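Here, each number is a calculation from the coordinates, and none is a lab measurement. Just so it is clear, the model here is predicted, and its values are computed rather than measured. Counting neighbours? That spans all protein chains shown, and the Cβs are built from the backbone with ideal geometry, glycine included.
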């Protein structure tokens, strides 16, 4: 470097320093200094929080069911030999005819069972479709004889006459009681009180008391018919003049209406007690309101069904059973499931020992201090939320940390 | 103080510590290990998968092997390769049966599964031989035959006279014993049992797992409700996951100590499954 050069160097360096200082000043003026501590603090304590809310412990139970058609039963008068087939009661008064062999009397409409050769023809109709039938009711008239409704538990096999005894007499007395004609406890002895009641039953419907055995009045086996369910609904009746056959019964009754049935397991059963409101959905139709009408006793597991209870639900009003037959059926509980305080699943944390807890922000927010730990017990999960046991430290409306800590 | 005096003093102190037990060679009771492994819980099937399960047969593989056992046993009994229908039926029943050995390893849990499926037995309920008429002596001979023993199940719960296979039973059993003795498990157990007694049930005093006492005179409905009560208590406390994690940790310790042996065992299990599959294919079962 020349001597001139050496003289210029300090000036050049000085100029550069002044320029650098000026540039720095300009930057300082246009871009004032930023205090990054707030950002640092915020990035360290930026919490995402969520509110504790009231939620159902579980989703509503929805169970596939099956539509069952109405159960129908044919009702016709019983037939038999007409023999009394019994010995006299020990307590009933004896009659002169007691112990005599019973014999059918040809054409004995009033005094004995119909012989098998006599056509059984509807000679009068009493009921119409839609009416209910109760035990003890008169169901109609066949070949001039009335027909009375008896329960299936009645072991009817013979004519019952004054002096008869047995379980069939007790069943007769129970039916007479149903009809309001016998107010004693069934004894199984066909005595004078029973006789008076039977007579009143016949007379109520315009018939004389028959004498199945000469001198021994009572009730003819042919005057009875089994109706499976008390209160069964009449679906159809044989017309006047129709001959009663297996294909043409006196009455067809509905013993159980169309219904939806499903198996509820032991846990689900709590939501489907008798009377519980449900909705029933056929295929892609709208859910329709209905109710549980019956719950069976406990059933063991079988094939694809779990152990539990068979639940019966009434077909909702207005549903055309024939139109929905074959469609998938889903029954859903209508009542809301029990609720409890809930936090997002993402807020649940677990420590090294496996204990579950959540973090609750300090009052005053992130800058006020670290969040506090609250141990929780989860009782249910649904749709991303965990329902927890009530805890004073986590009231509904309180806040928990979801992330950021 | 001279170095000799210092040495004597140190020896005296060490002797004193030794005599008072402070320097006991075995040391104080070791603290339970930190939870370093986790069990996988499958709530859809109430299945618990623990680390040692990777070295035994899966539930499907056990079913396959047991189905093949039916065929090998029947052939030994009848002395013929031809199979009777009862043997085919028994083999198919085995295949249909998926006994999860780990369902109730830590007591009842997964109430939803249990309500749907009941407390399914953890072991196969299909009788060996099905409805085949079996002479006792011949039956014993066939069970100890080489062909049959080459199909023994290898899993955590099936006891056999195969020493190598029994290591899996041994290690898992030891891990289970350590788990139930672990104070953390006992604390969890106490919480669950308190839940059960609050629900009105008495506890089974004869089981290390305690849990609900099932009375012999109860109906099936009462038994199931009691089992569900235990499952609900376990679920509400997350008992099974937390307890299984403790057991998983002890199993992981066993794996770390015996891994080579366990890998060999898994290979043996795979060979048995392959052998069983061939038998079933040849017999037209699968």
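Couple of notes before you dig in:
- On Cα atoms only, tilt of B:85-96 relative to the major axis of chain B in degrees: 40 degrees
- Among beta bridges that DSSP assigns inside segment A:144-278, antiparallel share in %, nearest 5: 75 percent
- For segment B:220-237 and segment A:181-247, distance of Cα centres in Å: 53 Å
- Remark: mean inter-chain Cβ contacts per residue of B:241-254 equal 1, using a 10 Å Cβ-Cβ cutoff to other protein chain atoms.
- Neighbour-count ranking [beta-carbon atoms within 10 angstrom, fewest first] of B:255, B:281: B:281, B:255
- For the peptide A:301-314, the mean number of other protein chain Cβ atoms found within 10 angstrom of a residue's Cβ is 2.
- Between helix B:183-198 and chain B there is an angle of about 60 degrees, using the helix long axis and the longest principal axis of the Cα atoms.
- Residues B:146, B:110 arranged by fewest to most Cβ contacts within 10 Å: B:146, B:110
- In plain terms, the residue of A:245, A:125, A:237 with the fewest other Cβ atoms within 10 Å comes first and the most crowded comes last, giving A:245, A:125, A:237.
- Mean Cα-pair separation over length for segment B:40-282, i.e. relative contact order, pairs under 8 Å, 6 or more apart, %: 30 percent
- Principal axis dimensions, largest first and in whole angstrom, of segment B:169-262 by Cα: 49, 24, 19
- The angle separating the long axis of helix B:163-181 from the principal Cα axis of greatest extent in chain B is about 50 degrees.
- Cβ neighbours within 10 Å from other chains - mean over A:376-384: 2
- Percent of Cα pairs in segment B:40-282 per distance bin of 5 Å, from zero to the largest separation: 1, 6, 13, 15, 16, 14, 13, 11, 7, 4, 1, 0.
- Chain B, helix-only ellipticity at 222 nm - DSSP H runs n ≥ 4, -39,500 (n - 2.57), divided by all residues, nearest 500: -19000 deg cm²/dmol
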